[in-house]
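Written below as structure tokens is the structure these notes are about.
The values are calculated or read from the model by the stated rules, or taken from the named source; none is laboratory data. On a predicted model such as this, the values are computed, not experimentally measured, just so you know. Backbone-built Cβ (ideal geometry, glycine too); neighbour counts: all protein chains shown. Just so you know, the surface numbers come from the protein's heavy atoms only, side chains and all, with ligands and any DNA or RNA stripped out. Shrake-Rupley method; radii C 1.70, N 1.55, O 1.52, S 1.80 Å.
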Amino acid sequence: MVNFLRLFFLFLPVLVCYSAGRTTNEKVVPAYKLSSSINLDGKLTETVWQSTPIKEFTQRDPNEGNPATEQTEVWIAYDNANIYVAARLHDSKPDSIDASLTRRDNFIGSDWFAVYVDPYNDKKSGYLFAVNAGGSIVDGILFNDSWDDSSWDGVWFVKTSVDESGWSVEIQIPFSQLRFNEAEQMKWGINFQRQIKRNNERSYFVMVPKKESGFVSRFATLEGLDGVKPKQRFEARPYFVQKAQYLVHEKGDPFYKGNQYKTSIGADFKIGIGSNLNIDATINPDFGQVEVDPAVLNLSAFESYFEEKRPFFIEGFNLFWFGIGGVNNNWGFNFGWPELFYSRRIGRSPHGSTSDAEYSDYPGETRIIGAAKLTGKLNESVSVAALSAVTERTYATLWNSGVKAEEEVEPLTHYGVLRGRKEFNGGDQALGFMFTTVNRDLNNSSLKERLAQNAFTYGIDGWTALDENKEYVLAGAFVGSYSLGTKEYIQRLQKNSLRYFQRPDATYATYDSNRTSLSGYYGRVMINKQQGNFYINTALGFASPGFDHNDIGFQFASDRINGHMVLGYRWFEPEGIFRSKHVYMSHARTYDFEGNLTSNFLWFRTGGTFTNYYNITLGGNYQFEAMNRSLTRGGPLVLQPSEWNAWIFASSDGREKIIVETNATYAKDKIGGVYFDSYLGIDWRPNTQITFSIGPAYSTNEEYRQWVDNFEDDAALSTYKTRYVFAKIKQHTLSANIRLNWTFTPTLSLQLFMQPFFAVGDYDDYKELAKPRTTDFNYYGKNGSTVTYDKENDEYTVDPDGDGNAQSFTFSNPDFNYKSLRGTAVLRWEALPGSIFYLVWSHNQTNFDDAGNFNFGRDFKNLWNSEGDDIFLAKFSYWLDI
């Protein structure tokens, strides 16, 4: 890896000298000041729409650089409250216009018109507003020049009409929904896109060639926004929620009826500070999710990651990202930029445990007393974001013989985040910082052992272009962390799966039971080639053993030094049977701070799009032998055998009524372990209002070294007086995501989701590690050792050496058969702009019968006959623009 990096930096000046350069753009779009009101009906009858339009659209697909096949005319107008966009989309085959309906932010194959605006004119960020011929809408934010995200939902208005010569659209966007620097004469960035489904055509007013980089930075200039004086922004969104829960419970549960019906009232507020900053605040927030998290079976030592779905945290989320910026591609390979702020930490389920009780009422989440957030830009080059949230002291209620008692399970906690970034020279360079803090009022001795009293991180990040054309960009980030708590908590932190300081063979970062704090650091630099046919990306990063940001972030690594290099070539022009194709290759290595090689692999991927718009991608990697730090769950290092895998992905033309995609993976290691998975996804649109999709997935895994447990034994001298017990596991996992979306109108939709999930694991061939840093094992039932199964108690007893001095030990049968059926039905009606009514039914049932034995017919029957939880919810939120 080091040699690769040396070669790259040696030849970097040569590569930069041969940069391909960029096409230039000097297009200007006029904005017309309105002298009379707009009747938003999609008819384009107002006088302002008779002015000279802009209409020079260029294809990006399918024939890059050619004029659009159909003419598009666009106008921009404004008053003090709104900016208006009108478009006339001529079509020589109006009967072929696709006006399908779909729920908001569901971007389907259809005929679309989109407007992109960069109100700060910072060449990096902005908003997108898209509408199809049927009136369905998508909106979102633009960031990092070429990225977008549709989780942001603004309040705006649109009308469309279809006639014998095409279709038309009128869009009204309140200035209050946008952030910009107010001035007497403003210049914004702007661009437009049109999609014609039947041609698979995407054309732009400003078209960026595929082999060039950037998007927002290439926008045309919107001129004429003179004398705009928008009102002070103040929005309130009060809400009302009524919930009814019918849950599986014990007949005598004294808490059940009191929790069955719940009513919640609260409000969110948005206050504009000028036109460029927003303060979001909330009182008794409703952070309940309409969608359920997918079922996940995790047999690893590490935490599962779930996406944020709560609106308060989604607003302005991109401003809190750290490290990500400047470069348009971030490759990971067992390393990445740290997620210093993972918003799902706030309001999560409590950490504490309780005493034994006949019945208990344990809260599923921690209530957020209040939260506030500031996001925006001070000017076109300085962005700021800050968040403060307080969660309440949370109690579980216990019931014993008619006596109730409360035990604290979560302390009063404050979460704080501060983020800022300054760009220089038109975005060629940037320097940012981020600070996070978690502060807990710990009164409970049990919680003091589980949680940090205070946890802090502070980091700086930034980027710089290495050449005039911004073809090569260098990005970097550096972070420090500090956690303070009791000895018991720091002991727990040291033993965490991210670091395992208690390893008996550790030589660099060793376990210290007297510590009351832990600190660490992180750093990473990356060079990325932003454009062109030839591609290169390389990075070098490190995270010290003591680095920890998990109190408010999501941590994936510590005690790690990682480097990679990616080389690739992209063909963007049609050639032979392909419209486009690519090939990438990479080498990556990871070491720990002791110098142990923990990962070393070669990786490749190749694929392309055929002339009929079908797609195929192939890939694979080869992992060389390395050391595994986590296999023994805090024990010594174990040799990880070499392995290889190969995979394939294919998909059909997205314009068809039935769209199919599939993938498959096969992997095998040197000692016989085999993994296989497959997936088939089918999307069917029987008409313009209904979409049905089903995605079954199946995997099998035969792993010869599945960890079971660790047992201390003074006789186990070769493994540091501990027996590390493993088994062979045969695991089957079967699941399917099933969705039905029925869109009655652009503002009224029904969404149905169901996920059956089956995961079965059969353990056998029990054994213990014979020698660290090897793949050698002592198998139970051989060489004098015994293993017996007690069916009545469902447990195994092991005597490691028969008549020897070793102690016998017992462990529960680890076989499992986990089955779940999760589903939701959501009726969503936007009764008024920004005011939404939901009716929701959520269902979940599980079954654990027949552990270790997979039989789909029997398992499905057992699951179907199991009792389940049903939750019904009605919610109404009303948008007030005060």
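When the criteria are applied in full, Tyr508 meets the requirement of being at pLDDT below 95 and either basic (Lys, Arg) or over 30 Å from Ser446 (Cα atoms) (or both). For the stretch 317-338, a residue qualifies if it is surrounded by fewer than 20 Cβ atoms within 10 Å (Cβ to Cβ) and not aromatic (Phe, Trp, Tyr), and the qualifying residues are Ile324, Asn328, Asn329, Asn330, Gly332, Asn334, Gly336. Here Gly553 clears all of (1) surrounded by 22 or more Cβ atoms within 10 Å (Cβ to Cβ); (2) within 14 Å of Gly520 (Cα to Cα) except the condition numbered (2). Residues that are among the basic types (Lys, Arg) and more than 26 Å from the chain's Cα centre (by Cα) within the stretch 560-575 comprise just one, Arg570.
The single condition among (1) at pLDDT below 95; (2) under 22 Å from Gln530 (Cα atoms); (3) crowded, with 19+ Cβ neighbours inside 10 Å that Gln177 does not satisfy is (2). Looking across the stretch 46-59, just one residue is in contact (Cβ under 8 Å) with a residue 60 or more places away in the chain and open to solvent by 70 Å² or more (accessible area, probe 1.4 Å), and that is Glu56.
Residues of the stretch 425-453 that are part of a strand (DSSP E or B) and surrounded by fewer than 16 Cβ atoms within 10 Å (Cβ to Cβ): Leu431, Phe433, Phe435, Asp441. Within the stretch 805-841, the only residue that satisfies the criterion of being among the small types (Gly, Ala, Ser), within 30 Å of Gln242 (Cβ to Cβ) and open to solvent by 30 Å² or more (accessible area, probe 1.4 Å) is Ala831. Of all residues in the stretch 566-584, those satisfying the criterion of being over 14 Å from Gly619 (Cβ atoms) and either of a type in the set (Asp, Glu) or surrounded by 15 or more Cβ atoms within 10 Å (Cβ to Cβ) (or both) are Leu567, Arg570, Trp571, Phe572, Glu573, Pro574, Glu575, Phe578, Arg579, Ser580.
Taken together, the residues in the stretch 113-134 that are over 22 Å from Gly316 (Cα atoms) and under 26 Å from the mean Cα position of the chain (by Cα) amount to 1. Within the stretch 85-128, the set of residues being assigned to a strand (DSSP E or B) and acidic (Asp, Glu) comprises Asp118 only. Could you please find all residues in the stretch 395-415 being open to solvent by less than 10 Å² (accessible area, probe 1.4 Å) and either modelled with pLDDT under 95 or not in a loop (DSSP other than H, G, I, E, B) (or both)? Once the filter is applied, which keeps residues that are open to solvent by less than 10 Å² (accessible area, probe 1.4 Å) and either modelled with pLDDT under 95 or not in a loop (DSSP other than H, G, I, E, B) (or both), the stretch 395-415 yields Ala396, Leu398, Val409, Glu410, Thr413, Tyr415. Restricted to strands (runs of 3 or more DSSP E) entirely inside the stretch 161-217, those with at least 2 residues that are hydrophobic (A, V, I, L, M, F, W, C) are 166-174, 185-196. Of all the residues in the stretch 856-869, those that are surrounded by 13 or more Cβ atoms within 10 Å (Cβ to Cβ) and outside any helix (DSSP H, G or I) number 3.
Of the residues making up the stretch 217-233, those that are surrounded by fewer than 16 Cβ atoms within 10 Å (Cβ to Cβ) and modelled with pLDDT under 90 are Gly227, Lys229, Lys231, Gln232. Pull up the stretch 752-784, narrow it to residues that are crowded, with 16+ Cβ neighbours inside 10 Å and in contact with a helix residue (DSSP H, G or I) (Cβ under 8 Å, 6 or more places away or on another chain), then point me to the one that is farthest from Leu863 (Cα to Cα). So, considering only residues that are crowded, with 16+ Cβ neighbours inside 10 Å and in contact with a helix residue (DSSP H, G or I) (Cβ under 8 Å, 6 or more places away or on another chain), the one farthest from Leu863 (Cα to Cα) is Pro772. Residue pairs, Cβ under 8 Å, 6 or more apart or interchain, first in the stretch 701-728 and without any contact (Cβ under 8 Å) to a residue 12 or more places away in the chain, second hydroxyl-bearing (Ser, Thr, Tyr) and buried (at least 16 other Cβ atoms within 10 Å of the Cβ). List them. These pairs meet every condition: Glu712/Thr722. Based on what the data block shows, is Lys422 open to solvent by 60 Å² or more (accessible area, probe 1.4 Å), touching a Gly at 6+ places or on another chain (Cβ under 8 Å) and either charged (D, E, K, R) or part of a strand (DSSP E or B) (or both)? For Lys422, the condition - open to solvent by 60 Å² or more (accessible area, probe 1.4 Å), touching a Gly at 6+ places or on another chain (Cβ under 8 Å) and either charged (D, E, K, R) or part of a strand (DSSP E or B) (or both) - is met. Considering only residues in the stretch 585-615 that are on the phi < 0 side of the Ramachandran plot and in a loop (DSSP other than H, G, I, E, B), the one that is surrounded by the fewest Cβ atoms within 10 Å (Cβ to Cβ) turns out to be Asn612.
Scanning the stretch 91-117 for residues that are within 24 Å of Ser652 (Cβ to Cβ), among the basic types (Lys, Arg) and modelled with pLDDT under 95 yields a count of 1. Only residues that are under 23 Å from the mean Cα position of the chain (by Cα) and farther than 26 Å from Ile108 by Cβ were counted in the stretch 665-696, giving 2.
Before we move on, is Phe556 under 30 Å from Thr719 (Cα atoms), under 24 Å from the mean Cα position of the chain (by Cα) and assigned to a strand (DSSP E or B)? So Phe556 does not fit the description; no. Screening the stretch 638-711 for strands (runs of 3 or more DSSP E) wholly inside it with 2 or more residues that are open to solvent by 60 Å² or more (accessible area, probe 1.4 Å), modelled with pLDDT of 95 or more and not charged (D, E, K, R) returns the ranges 643-651, 658-669, 674-684.
For Leu618, the criteria (1) more than 26 Å from the chain's Cα centre (by Cα); (2) open to solvent by 60 Å² or more (accessible area, probe 1.4 Å); (3) not β-branched (Val, Ile, Thr) hold in every case but one, which is (1). Just one of the numbered conditions (1) within 22 Å of Ile108 (Cβ to Cβ); (2) touching a helix residue (DSSP H, G or I) at 6+ places or on another chain (Cβ under 8 Å); (3) of a type outside the set (Lys, Arg); (4) open to solvent by less than 10 Å² (accessible area, probe 1.4 Å) is not true of Ser168: (2). Evaluating Arg348 against the criteria (1) more than 14 Å from the chain's Cα centre (by Cα); (2) in a loop (DSSP other than H, G, I, E, B); (3) at pLDDT 90 or above leaves one unmet condition, (3).
Being part of a strand (DSSP E or B) and open to solvent by 50 Å² or more (accessible area, probe 1.4 Å) is the requirement here; does Phe872 meet it? When the stated conditions are applied, Phe872 passes them.
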